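Here the structure is laid out as structure tokens; the discussion comes afterwards.
The values are calculated or read from the model by the stated rules, or taken from the named source; none is laboratory data. Note that the structure is a prediction, hence the values are computed from the model and not measured. Here Cβ is always computed from backbone atoms with ideal geometry, including for glycine, and neighbour counts include all displayed protein chains.
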């Protein structure tokens, strides 16, 4: 049996071992052992597009990246270096 992380979380909550915040789509059909309480206002999160540093910048990748950046109203500034830890 393959279980996703969200499914595992639902099993743990159903077993009475805590509470969790999960995507609402994952609890469209609540289980018998837990209740669903929508969070209002809705919680949003910022996503990031990552790609392998050495992967060739092919046309399809450039096109998808450009569309995503336009939809997010973020200028395509090229590479953003992450700080080393």
*asked:* Residues to consider are 21, 50, 11, 85; find the one that is at pLDDT 90 or above and in a loop (DSSP other than H, G, I, E, B).
replied: 21
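Count, please, the residues in the stretch 24-50 that happen to be in contact with a helix residue (DSSP H, G or I) (Cβ under 7 Å, 6 or more places away or on another chain) and within 30 Å of residue 67 (Cα to Cα). Let's see the steps before the verdict.
First pass over the stretch 24-50, keeping only residues in contact with a helix residue (DSSP H, G or I) (Cβ under 7 Å, 6 or more places away or on another chain): 26, 31, 33-34, 36, 38, 49.
Remaining after also requiring within 30 Å of residue 67 (Cα to Cα): 26, 49.
Residues flagged as in contact with a helix residue (DSSP H, G or I) (Cβ under 7 Å, 6 or more places away or on another chain) and within 30 Å of residue 67 (Cα to Cα) within the stretch 24-50 amount to 2.
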